[in-house]
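All remarks here apply to the structure that follows.
Just so you know, all these numbers are worked out from the coordinates, no wet-lab data involved. As the structure is a prediction and not an experimental result, all values here were calculated from the model. Cβ coordinates were reconstructed from backbone atoms using ideal geometry, including for glycine residues, and neighbour counts include every protein chain displayed.
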Amino acid sequence: MKAGGSLSIWFFTGLCLGVNGALIFARGLYELVHPPPEPVVLFELHANVWWGAILLILGITYCLHFSPARERKRMSGNS
Amino acid sequence: MNPALLLFDSNTLVHLSPVDLIIIIFYFALVLAIGLYLKEQANTGEDFFMAGREMTAWVAGLAFLSANLGSLELMGWAGNSYKYGILAAHWYWIGAIPAMLFLALVMMPFYHICKTHSVPGYLKLRFGEGAQAISSISFAFMTVLMSGINMYAMAVVMKVVLGWDIHFSIWVSAGTVAIYVALGGLRSAIFNEVLQFFLIWAGALLIPILGLIEAGGWSGLQAKIIQNLTELHVPNPGSYTHLWSTLGSFSANPMGINWVGIVFGLGAVISMGYWTTDFLVVQRVLSAKDLRSAKLAPIIGAAFKMMVPFIVILPGLLGLALLRDPHTGNLIRLVPADLAWSDAGQAQGLHSYDEVLPLMLARYCGPGLLGLGITALIAGFMSGMAGNVSAFTTVWTYDIYGTLINKNASDEAKVRMGRWVTVIGVVVSIVTAYFAKRAPSIMDYVQALFSFFIAPLFGTVILGMLWKRATPAGGWSGLLAGTLSSIGMYTWVKLDPSAVRYVALSLDAQDQAQNMFRALWCCLICVIVTVVVSYLTQPRPDSELKDLVYGLTRIPKAEHVTMFHSPVFWGVVVAVVFIILQIVFW
């Protein structure tokens, strides 16, 4: 679904997931090196590392697949 | 002290780190950017109020579900599952799935073909301006009121959990919603709802995953709940993890309800009324680009709705099993909100049922993940509020302003009115939020008011669609009789609490059980009055009912699509999964 221009809602979704994933993943890596003094329950599973990575990969996939350039190409192909 | 710091209390449940704040600020910036980007695409009435009727099934379906996933929904039902156990999942399964499938496969063709802008708009076409006036005025009133109550509830939780000033939470979040909906109309609301849908899942999904790991899986969770509730001398501890097996009698489950109330009150009336006639959710599906998309959208919504208990109900159950004081090791027992949020409750460090989701969030989520979880709660609030505001704006502009005040309003004037009413709707919601602050019990009244209008409305709309003999006088009087009888039953129980044994068939019936039975009776009264009055009055000729009633509407032949693109196929898949879930958690 386009926003009228060449930006799809899925591109915005990818952007949001990607940025959040990158921030969480980076923080998770930092905590691997500098564990917090009062860790959360199940800290040893390092949820922020793998959850951040999943969000980052999802975000990048969406951004690439629904990038403005590809959307423009798709629209010109349809017309 | 720096005045800015007064907005944030340091004595709170969780503390946000800089990375959490960046995530929250980025979210606000993104939703505003979407509103600005879409401003140019909202110039006509169809664009502003119906998103151009060009949404795909996926976008309309996710927005359909997201508009219902407000913050009160997320935190409130997590709290309800802590209070009532897995029975709360009925509101997501039998209380949603059959109705969503019914909307998709039976009702959607009528809404789509008659090209109405709203549910009251359909009533005008079918029953005339009397039924339209009752339903549009009651809907507009309820929508703004609900929006304000939701806003206040979220602000209180933000105060308790994060220490944020209540005024700050209310004005910043409401102001953001007002800007992006006023700029881009329904399209902007829908786009943000899709974004919010992903954020809600991204922020909330870790809690049940980590919770089940800690509890030792589903069987470990069940064992811990029984052990904890036995320790607290709670009767029927086993009933907290069974969906149907305890519904044989009113006293065998924590809600005080039996299967009749769940199946007929919730499944057949409340749920059907909400998911098929509440314009807040129906508006999203009306924006679909064609009939197949309009039919697929509620089915997509239903598929995801079935999974929502995983992020809402399960955290409540995990709270029952796992929440212990980290210092003493004693069980933490959550209490009703009025007790927890009183001065005495705060002094004792009590937490309310509604705080179970933030408590579980704080248990597992460190910096970064915590910001994402809080963003999910804010996103839930904003999607719910944007849903209320955009539906209110459409009903006001088309069904009140365009019908009762200025019948000759141009399309341009309606768009202008829509932008202003968006802002006014938000301001009235804010006023309502402050009103709620002064009267804590107002939430109970609003929930009751909500059921007054939705249950009889379903009776009127379904008779209008499926029975051509229903007359305008029948529709109008049935709707009025159903609404008045519901108000009458509510007042009766308030004045004489023992009357609950007649209204809800048992003295054990809790508030939710009373709502279910009251809805069932008032819908039946609406149907009976509509039928009787219709037989006493002159029906409209068939030619006037074309495209409005079953049997007089030519449903366009479904385009030839593969099985995997067929709404009926996916409807059957969702129905089968729904039945399997009932058996698994029986």
Taking the alpha-carbon distance from B:LYS224 and a cut-off under 21 Å, which lysines remain once sequence neighbours fewer than 8 residues away in the same chain are dropped?
B:LYS83
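Starting from 0.36 nm per residue, how many nanometres of slack lie between B:ASP496 and B:PHE304 once their C-alpha separation is accounted for?
65.0 nm
Just need the relative contact order of chain B here, percent rounded to a whole number, with Cα pairs under 8 Å and 6+ apart. Working shown, then result.
Values: 984 pairs, mean separation 165.5, N = 586.
Taking the mean separation of contacting Cα pairs over the length of chain B, I get 28 percent.
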Using helices alone, what [θ] at 222 nm do you get for chain A, with -39,500 (n - 2.57) per DSSP H run of 4 or more residues, divided over all residues and rounded to the nearest 500?
-23500 deg cm²/dmol
Cα gyration tensor of the protein assembly as shown, axes a ≥ b ≥ c as square roots of the eigenvalues: rounded (a/c below 1.5), prolate (a/b > b/c) or oblate?
oblate
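In a shell of Cβ-Cβ distance under 12 Å around B:LEU552, excluding B:LEU552 itself, what net charge do Lys and Arg (+1) and Asp and Glu (-1) give? It would help to have the intermediate numbers written out before the result.
Details: positive: B:ARG126, B:LYS468, B:ARG469, B:ARG540, B:LYS546, B:ARG554; negative: B:ASP542, B:GLU544, B:ASP547.
With Lys, Arg at +1 and Asp, Glu at -1, the neighbours total +3.
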Go ahead and run the numbers for FRET between B:SER342 and A:PHE43, Cβ-Cβ distance against an R0 of 35 Å, rounding to 0.05.
0.55
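Return the loop-located trypsin sites (Lys or Arg not before Pro) in the stretch B:471-551 (DSSP other than H, G, I, E, B) with at most 14 other Cβ atoms within 10 Å of their own Cβ; answer none if there are none. Don't skip to the answer; put the middle values down first.
On the way: sites: B:LYS494, B:ARG501, B:ARG518, B:LYS546; in loops: B:LYS546.
The qualifying sites are B:LYS546.
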Output wanted: per-residue J couplings in Hz (rounded whole) for the stretch B:354-366, from phi through Karplus 6.51 cos²θ - 1.76 cosθ + 1.60, θ = phi - 60°, x for Gly and Pro.
5, 8, 5, 5, x, 5, 5, 4, 5, 5, 10, 10, x
Spatial separation of Cα centroids for the stretch B:344-390 and the stretch B:303-331, in angstrom:
13 Å
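According to the square roots a ≥ b ≥ c of the eigenvalues of the Cα gyration tensor, what is the shape class of the stretch B:145-232, taking rounded for a/c under 1.5, prolate for a/b larger than b/c otherwise, and oblate for the remainder?
prolate
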Can you give me the three principal axis dimensions of the stretch B:216-288 from its C-alpha atoms, in Å, biggest first?
51, 30, 18
Counting Lys and Arg as +1 and Asp and Glu as -1, what is the net charge of the other residues whose Cβ lies under 11 Å from the Cβ of B:LEU372?
0
Long-range amide H partners of B:GLY368, meaning residues 5 or more apart or on another chain whose placed amide H is closer than 5 Å, are B:SER17, B:ASP20
Under a 5 Å amide H to amide H cut-off, with H placed in plane at 1.01 Å, what residues pair with B:SER352 once short-range neighbours are removed?
B:VAL335
Charge dipole magnitude, Cβ of K and R +1, D and E -1 - the stretch B:498-558, Cα centre, debye nearest 20:
180 debye
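In debye, nearest 20: dipole of the protein assembly as shown around its Cα centre with unit charges on the Cβ of K, R (+) and D, E (-)? Can you show the working numbers first?
On the way: 38 positive and 34 negative charges, 345 e Å.
With only Lys, Arg, Asp and Glu charged at Cβ, the dipole is about 1660 debye.
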Run the simple label-point estimate for B:ILE24 and A:ARG72 please: 7 Å along Cα→C-beta, distance reported in nm.
3.8 nm
Gap in Å between the Cα centre of the stretch B:489-504 and the Cα centre of the stretch B:42-71?
40 Å
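Roughly speaking, what is the stretch gain from B:ALA575 to B:VAL431, that is 0.36 nm per residue apart minus the C-alpha to C-alpha distance, in nm to one decimal?
Working: separation 144, 0.36 × 144 = 51.84 nm, distance 4.22 nm.
Value of the extension gain: 47.6 nm.
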Per the helix-only calculation at 222 nm, which mean residue ellipticity applies to chain B, given -39500 (n - 2.57) for every DSSP H run of n ≥ 4 and division by its residues, nearest 500 deg cm²/dmol?
-21500 deg cm²/dmol
Residue by residue, what Karplus-based ³J(HN,Hα) values in Hz, rounded to whole numbers, does the stretch B:494-499 have, using 6.51, -1.76 and 1.60 with θ = phi - 60° and x for Gly and Pro?
5, 6, 9, x, 5, 5
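Quote the charge dipole size of the stretch B:283-326 about the Cα centre in Debye, to the nearest 20; the model charges only the Cβ of Lys and Arg (+1) and of Asp and Glu (-1). Mind showing how you got there, number by number?
Working: 6 positive and 2 negative charges, 55 e Å.
Dipole of the stretch B:283-326, to the nearest 20 debye: 260 debye.
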Just the number: Rg to Rh for chain B, Cα atoms, Kirkwood Rh, two decimals.
0.96
So which lysines pass the test for B:LYS407, namely a Cα distance under 16 Å, with those fewer than 8 places away in the same chain ruled out?
B:LYS124
Using the Karplus curve 6.51 cos²θ - 1.76 cosθ + 1.60 with θ = phi - 60°, what ³J(HN,Hα) values do you get for each residue of the stretch B:517-528, in whole Hz, with x for Gly and Pro?
5, 4, 4, 4, 5, 6, 5, 4, 4, 4, 5, 4
Given H placed 1.01 Å from N in the peptide plane, which residues other than close sequence neighbours of B:TRP164 have an amide H under 5 Å from its amide H?
B:ASP9, B:LYS159
